[in-house]
Amino acid sequence: SPTEVTEALFSRIAEVEPKINAYNYLNHERAIERAKTVHVDLPLGGIPIAIKDNINVRAEPCRCASKILEGYLAPYNATVIEKLTKAGAILVGRTNMDEFAMGSSTENSATGLTKNPWDLQRVPGGSSGGSAAAVASHEAFCALGSDTGGSIRQPASFCGCVGLKPTYGRVSRYGLTAFASSLDQIGPLTKTVEDAALLLEVISGFDPNDNTSEKMPVPRFSELLETLSLKNMVLGVPKEYFIEGIDGEVREAINKAIAHFESLGAKIEEVSLPHTPYAVATYYILATAEASANLARFDGIRYGRRAKHYEDLLDYYGKTRDEGFGSEVKRRILLGTYVLSSGYYDAYYLRALKVKEKIKQDFSSVFKKCQALLTPTSPFCAFRIGEKSNDPLQMYLADIFTIAVNLAGICGLSIPCGQSTEGLPIGLQIIGPAWKEEVILAIGHLYQ
Ligand code: GLN
């Protein structure tokens, strides 16, 4: 019964959570109450699910792993939460993340870091590291994360799970704390492709509360998984994704996966996405610009934590923000404010918008001849805790293979495709055109 399943999950959490720290908040009582009354014949009837700490659930904390949101209780449900609830899911708790989803390791969290269940000395990736670690350590059957530049796919890859970044506009962002609104999407982190398809089906769809959500039909992703044949399919391998610096074992595992698809009948073709080298720089201009505007709302008046000692209103804003935001968030606000300032707007922000368009065109032209692209999700496996935390530029490069997908607004899936000799998971990224999640899911399903 749902109650037994939920109780079993909470005993698993009690057992491993002290080692992993995947959750920022757990609501055992509420989950059990819900389990007692939920209808099991609903699509997710009685399935416990973990939610990233930046998605609002009514009357529960939504901290975004930040000090500034200490004490804040969400007054409403995000649209995805409404949809999950209607589908019969049971909400377990809020998972840890990099503060305001800024990072690639879950080390930038005011609630302490999360450890990779495969090796406790290593990071789970980020920013949805808590969601990925919870799924990998069986502290959750499935979870929701958010992906602005790789934050679902990269932790999925580091933790050996499945992670999907939907097409921009597929899933409502209403109730997701905005980081970079033009790039953010909510998506599933699961153990199997089938679970990802089922979750996506439930959370997708047009929402009048989000004016960037699109009026597109939602295919029955879970029923379409078996319908694809790789015969006559062309899968592209972008040469810019096999650069120097990519780990030898990662390269080998990806080559094996590519050969496997070829043996299943797919035609493999090398393609070029020439603007790939500019993706990281473009992303860090656009994402920080949007973040600097989005985070202006945290002024100590409307949400959460307030400075106690101040002189006047300006001092109050300043102190609240200085005390409440961590250093990565401050770095992004400064960068974003800089690229938007009148003297630099044309040189940085406007130019980045143009490059974003070029990156989008790169993908459109390769998708004229290929149905999907195969790449590594990350150039390396999970790195050691502390290894990159003092070098923001190194950390920014962790998303070198995932960022372009967000800039182009298309969809991407990461699935496990092997292990390093140290036993760390390796992820394969399957990139698809906009609104073609059923294709990348079916390709991923064939591999599993
Ligand atoms: N790691 C990237 C960043 O720090 C992406 C984060 C995300 O997708 N939310 O911005």
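Out of 442, 434, 372, 398, one residue alone is of a type outside the set (S, T, N, Q) and within 16 Å of the ligand (Cβ to nearest atom). It is 398. In the set 428, 373, 397, 334, only one residue is at negative phi and touching a helix residue (DSSP H, G or I) at 6+ places or on another chain (Cβ under 6 Å); that residue is 428.
One line per residue, one yes/no per condition, for (1) more than 27 Å from residue 208 (Cβ to Cβ); (2) among the charged types (D, E, K, R):
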{"position": "33", "(1), (2)": "yes, yes"}
{"position": "36", "(1), (2)": "yes, yes"}
{"position": "49", "(1), (2)": "no, no"}
{"position": "59", "(1), (2)": "no, no"}
{"position": "67", "(1), (2)": "yes, yes"}
{"position": "114", "(1), (2)": "yes, no"}
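The set of residues in segment 235-291 being closer than 14 Å to residue 362 by Cβ and part of a helix (DSSP H, G or I) consists of 239, 240, 241, 276, 277, 278, 279, 282.
Have a look at 298, 380 and point out the one that is within 16 Å of the ligand (Cβ to nearest atom) and among the aromatic types (Phe, Trp, Tyr).
Values: 298 fails: within 16 Å of the ligand (Cβ to nearest atom).
Going through 298, 380 in turn, just one is within 16 Å of the ligand (Cβ to nearest atom) and among the aromatic types (Phe, Trp, Tyr): 380.
Conditions tested, residue by residue: (1) away from the ligand (no atom under 16 Å from the Cβ); (2) under 30 Å from residue 372 (Cβ atoms); (3) over 19 Å from the mean Cα position of the chain (by Cα).
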| residue | (1), (2), (3) |
| --- | --- |
| 284 | no, yes, no |
| 306 | yes, no, yes |
| 310 | yes, no, yes |
| 327 | no, no, yes |
| 330 | no, no, yes |
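Could you identify the single residue in 354, 330, 308, 369 that is of a type in the set (Lys, Arg), part of a loop (DSSP other than H, G, I, E, B), surrounded by fewer than 16 Cβ atoms within 10 Å (Cβ to Cβ) and out of contact with any strand residue (DSSP E or B) (no Cβ under 7 Å at 6 or more places or on another chain)? Don't jump to the end; show me each part of the working.
On the way: 354 fails: part of a loop (DSSP other than H, G, I, E, B); 330 fails: part of a loop (DSSP other than H, G, I, E, B); 369 fails: out of contact with any strand residue (DSSP E or B) (no Cβ under 7 Å at 6 or more places or on another chain).
Within the list 354, 330, 308, 369, the selection yields 308.
For segment 83-96, the condition of being under 24 Å from residue 379 (Cα atoms), touching a Gly at 6+ places or on another chain (Cβ under 8 Å) and within 13 Å of the ligand (Cβ to nearest atom) holds for none of the residues.
Just to be sure before I move on: is residue 163 under 17 Å from residue 185 (Cβ atoms) and either in contact with a Lys or Arg (Cβ under 9 Å, 6 or more places away or on another chain) or modelled with pLDDT of 95 or more (or both) in the structure I sent? Answer is yes for this residue.
The values are calculated or read from the model by the stated rules, or taken from the named source; none is laboratory data. What you see is a predicted model, and the numbers here were worked out from it, not measured in a lab. Glycine gets a Cβ as well: all are built from the backbone with ideal geometry, and neighbour counts include every protein chain shown.
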